1. Using the heavy atoms of the protein chains and a 1.4 angstrom probe, tell me the accessible area per residue for region 204-248 in square angstrom.
2. Net charge around PHE192, counting only other residues with Cβ within less than 11 Å of its Cβ (Lys, Arg = +1; Asp, Glu = -1)?
3. Beta carbons within 10 angstrom, averaged per residue: use that to sort the peptides 89-97, 108-116, highest first.
4. Count charges around PHE51 for me, please; just the other residues with Cβ under 15 Å from its Cβ, Lys/Arg as +1, Asp/Glu as -1.
5. 5 Å is the cut-off here: which amide hydrogens, built 1.01 Å from N in the peptide plane, fall below it relative to PHE198, excluding neighbours closer than 5 in sequence?
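The values are calculated or read from the model by the stated rules, or taken from the named source; none is laboratory data. It should be emphasised that the depicted structure is a prediction, and the values quoted were computed from it without experimental measurement. Every residue, glycine as well, gets a Cβ built from its backbone with ideal geometry; the counts of neighbours run over all protein chains shown. Surface accessibility is based on the protein's heavy atoms, side chains included, excluding ligands, DNA and RNA. Shrake-Rupley method; radii C 1.70, N 1.55, O 1.52, S 1.80 Å.
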Amino acid sequence: MERCEKQKSSHNDTIHEKLTDQVMQNPQVLAALQERLDNTSLTPSSYIENFPKAVIRRIDALKKLQVKCAHIEAKFYEEVHDLERKYAALYQPLFDKRREFINGEAEPTDAESEWHSENEDEEKLTEDLKNALVIDEKAEETNVKGIPDFWFTIFRNVDMLSELVQEYDEPILKHLQDIKVKFSEPGQPMSFSLEFHFGPNDYFSNSVLTKTYKMKSEPDKTDPFSFEGPEIVDCEGCTIDWKKGKNVTVKTIKKKQKHKGRGTVRTITKQVPNDSFFNFFSPIKVSGDGESLDEDSEFTLAADFEIGHFFRERIVPRAVLYFTGEAIEDDDNFEDDEEGEEEVRCTLYFLWITITHSILVPGIILYGAENSCS
């Protein structure tokens, strides 16, 4: 009897192995598994609730430790902010020289401008053509100062920024000479400011427009496990001193009004908000009394925070690469790689679940076992 049971167990194992091979080799079965997995709701909390009270008590203790870890992590990011401030001072002389080259305040030396180009087409130019180009360049040098439209070109190249820029914003942005990032001083609440430096223009009298982003680096008391590092919580713009008739953030419309008693009609002019990049300096204010914003305002504020972060982390440190477009190509390639890696991880996860946890597909295994015994 015992021998028969062993033979039966061995026979069932063989059947299980064959069915596993079938799953791996049959596209239709894999498709069915994929659909089943997509419709399966995995809720870890459902089985945790069934643990004994003593085990749940230990889990609660682990959560309390996790909260303490989150507070230590918050302190870590505060020190990172201090390091950013320290190294910003080291970067600044390089950024100052960049500003000088862009605005034609200084010319790079031969050593400073020596750069190995990877453009094969340029290397294949004949000497005669190179000489002709040199002659043309010398003729143009007297008329070109610095790097024309440097920052405006970056705005045009980056989709996130170009979506904000209207046609009437463009002449103003061509006067943009520099963008700087300034970090809050030691002992001050965590924040950073963006400074947009403009040359003299016919639109406003400000030489610098500023936008300050206030940050928080501490776990939320009501949801400490959501902490993933510093987050922007509010921002403040500045007042733009527009010259008469040059404010692109408003437009004048004419509206007819009819008098109720006399029936006479009059035409009035009224100023209404107008789409413009320069609305960036008049952000939505986060309510201090805890009152929640409407959905549109929350979306606008979140987009504002994302743009401010992008200026700080990407545009200002790597401006020349966004001017040439090289950084944009790198960003696109990085996103594609991330999507590919995620797809591979998901596929491997589903296969692992299928092979090692056959309980997710009991119908297939039972069907195969019944047919093999009949």
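1. Numbers: 2630 Å² over 45 residues.
For region 204-248, the solvent-accessible area averages 58 Å² per residue.
2. Numbers: positive: ARG85, LYS180, LYS182, LYS211, LYS214, ARG312; negative: GLU84, GLU195, GLU313.
Within the 11 Å Cβ shell, the charges total +3.
3. In descending order of packing, they fall as 89-97, 108-116.
4. Neighbour charge sum, excluding PHE51 itself: +2.
5. GLN177, VAL208, LEU209
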